[in-house]
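J.: One structure follows; several queries about it will come next.
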Amino acid sequence: MKKRLLKAAVAAALTVAFAVPAFANPFSDVPAQHWAYDSVNKLAQAGIVDGYDDGTYKGDKTMTRYEMAQIVAKAMNKSLNAEQQAAVDQLAQEFSTELNNLGVKVAGLQDQVDNMVKISGDARVRYFSAENEAGKAHDNTDFRARLTFDGNVSDNLKFNARINSGNIAYDGSTSGKFKLDTANVTFNALGLTNTIGRQDVLLGGGYLFDTQMNAIATKAGNLKLVAGNTVDSEDGKNRVYAAEYGFNALGADFGADYYKNDSNDQEIYGLTTAFKLADNVTAKAEYFDNNDANATAKAYGVKFDKIGLSATYRDVDSAAFTGFGALSNDVEALNSANGFKGMEFQYDKGLDKNTKLVVKYQDFEDQNGTELGARTSAAVNIKF
């Protein structure tokens with residue numbers, strides 16, 4: 001028994017002895033000929049990190065892995081081009097253990113990054129063609145760019161602002177104008193997430209509302225409440241109140257909506273749903289009711305998720321059409337004086353990372369049976 005214990009102890013001791021060199025020592029020197037020095041020197045010469053007076057790190061003066069990890073952590077917080085980012089990613093992989101061991105230091109650097117203003121944006125090129133009642137088509141191509149700024153004012157206060165170029169046609173003419181189209185702050189209070197200011201608002205899957213509004217919005221779990229003002233070219237200011245609740249039941253996603261526009265006495269209740277019919281096939285349905293006007297809006301269709309193709313039939317009474325949803329955001333506003341009905345086809349395709357193509361075809365007639373003319377659009381959206 002004692003011999004077995006002794007053998008086990010010796011084996012354990014030998015295992016530990018041979019295993020120790022396999023663990024990286026964060027305070028050991030990085031060999032003078034290590035490839036990391038060359039990468040760090042290039043970053044120093046580019047001003048990404050600070051070197052000696054000549055802008056380099058001396059390979060013959062070895063650094064510990066801990067010191068090297070600090071340099072990598074500093075570089076990770078800088079704005080880099082593709083080549084520099086690749087070098088930093090390779091360094092981060094090499095010194096990943098030491099970066100993790102830095103603990104508070106890395107967390108502190110991450111806090112600094114989190115508190116910096118983040119700049120992102122998107123650009124869109126769009127083609128649009130619409131036929132009139134006589135079947136004669138007219139078309140337009142335009143471009144839009146938007147730049148978004150997000151940042152933290154404090155631990156509980158965030159801001160968002162976005163600059164919009166407006167739609168610039170291929171001939172240089174513009175619809176809309178260069179403007180600040182969102183500017184808001186978000187904070188938590190009493191368990192609620194609140195956003196105040198000009199902001200993007202999406203209601204009813206985009207049918208009720210899909211644009212900007214000067215509003216107060218509150219979220220509590222799956223419940224969203226919105227109150228604010230928006231403007232259109234026909235009616236001027238519109239005061240809108242809305243509520244939306246999302247939930248899942250019986251394997252389907254549901255959304256319940258309430259929308260009230262005090263400025264035109266429009267009050268709409270809605271229900272949307274989406275559920276899987278089969279692998280890569282999703283069924284969708286929408287129903288909205290303006291009870292006071294005895295008007296409804298219905299839509300149902302399917303989407304083939306894998307290929308990005310969807311087909312939707314819409315049947316919309318004029319009094320159930322808000323004019324602020326996705327259907328109103330094309331180059332030319334949809335003529336809804338007598339409502340409309342017909343088919344809508346859409347194709348979504350990812351062209352590259354952060355690049356998406358959306359092609360849409362609509363063939364509507366009004367509720368009296370008069371053709372409204374086919375509408376075709378194609379847009380390439382790029383996020384950066």
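The values are calculated or read from the model by the stated rules, or taken from the named source; none is laboratory data. Here the structure is a predicted model, which means the values were calculated and not measured. Neighbour counts are summed over all protein chains in view; Cβ atoms, including those assigned to glycine, are modelled from backbone coordinates with ideal geometry.
J.: Can you tell me which residues in region 228-259 are under 21 Å from GLN199 (Cα atoms), touching a strand residue (DSSP E or B) at 6+ places or on another chain (Cβ under 6 Å) and surrounded by fewer than 16 Cβ atoms within 10 Å (Cβ to Cβ)?
T.: Within region 228-259, ASN229, VAL231, LYS237, ARG239, TYR241, TYR245, GLY246 qualify.
J.: Would you confirm whether or not region 259-272 contains a residue that is under 24 Å from the mean Cα position of the chain (by Cα) and outside any loop (DSSP other than H, G, I, E, B)?
T.: Looking for residues that are under 24 Å from the mean Cα position of the chain (by Cα) and outside any loop (DSSP other than H, G, I, E, B), one finds at least one in region 259-272, hence yes.
J.: Does SER263 fit the bill of being loosely packed, with under 13 Cβ neighbours inside 10 Å and either more than 27 Å from MET116 (Cβ to Cβ) or out of contact with any strand residue (DSSP E or B) (no Cβ under 8 Å at 6 or more places or on another chain) (or both)?
T.: The answer is no for SER263.
J.: With the requirement that a residue be acidic (Asp, Glu) and either in a strand (DSSP E or B) or under 16 Å from GLY206 (Cα atoms) (or both), what does region 276-320 give you?
T.: Within region 276-320, GLU286, ASP289, ASP315 qualify.
J.: Right, something else. Which residue out of LEU192, LEU208, LEU223 is within 21 Å of the chain's Cα centre (by Cα) and loosely packed, with under 15 Cβ neighbours inside 10 Å?
T.: Criteria check complete, one pass: LEU223.
J.: Hey, another quick one. Would you check which residues across region 368-384 are closer than 18 Å to VAL316 by Cβ and in a strand (DSSP E or B) and list them?
T.: GLU371, ARG375
J.: Please determine, by comparing only the residues of region 336-358 that are buried (at least 17 other Cβ atoms within 10 Å of the Cβ) and either of a type outside the set (D, E, K, R) or outside the structural domain of PHE304 (by TED's automatic domain parsing) (or both), which one is modelled with the lowest pLDDT.
T.: The qualifying residue modelled with the lowest pLDDT is SER336.
J.: Going by the structure shown, is ARG126 touching an Asp or Glu at 6+ places or on another chain (Cβ under 6 Å), modelled with pLDDT of 90 or more, surrounded by 12 or more Cβ atoms within 10 Å (Cβ to Cβ) and not aliphatic (A, V, I, L, M)?
T.: yes
J.: Another question, then. Can you list residue pairs whose Cβ atoms sit under 9 Å apart, with the first residue in region 207-226 being closer than 14 Å to THR182 by Cα and the second being in a loop (DSSP other than H, G, I, E, B)? Count only pairs 6 or more apart in sequence or on different chains.
T.: Taking only residues 6 or more apart or on different chains, the pairs are ASP210/PHE324; ASP210/GLY325; ASP210/ASN329; THR211/PHE324; THR211/GLY325; THR211/ASN329; MET213/PHE324.
J.: Might you check whether a residue that is polar (S, T, N, Q) and more than 24 Å from ALA337 (Cα to Cα) occurs anywhere in region 223-246?
T.: no
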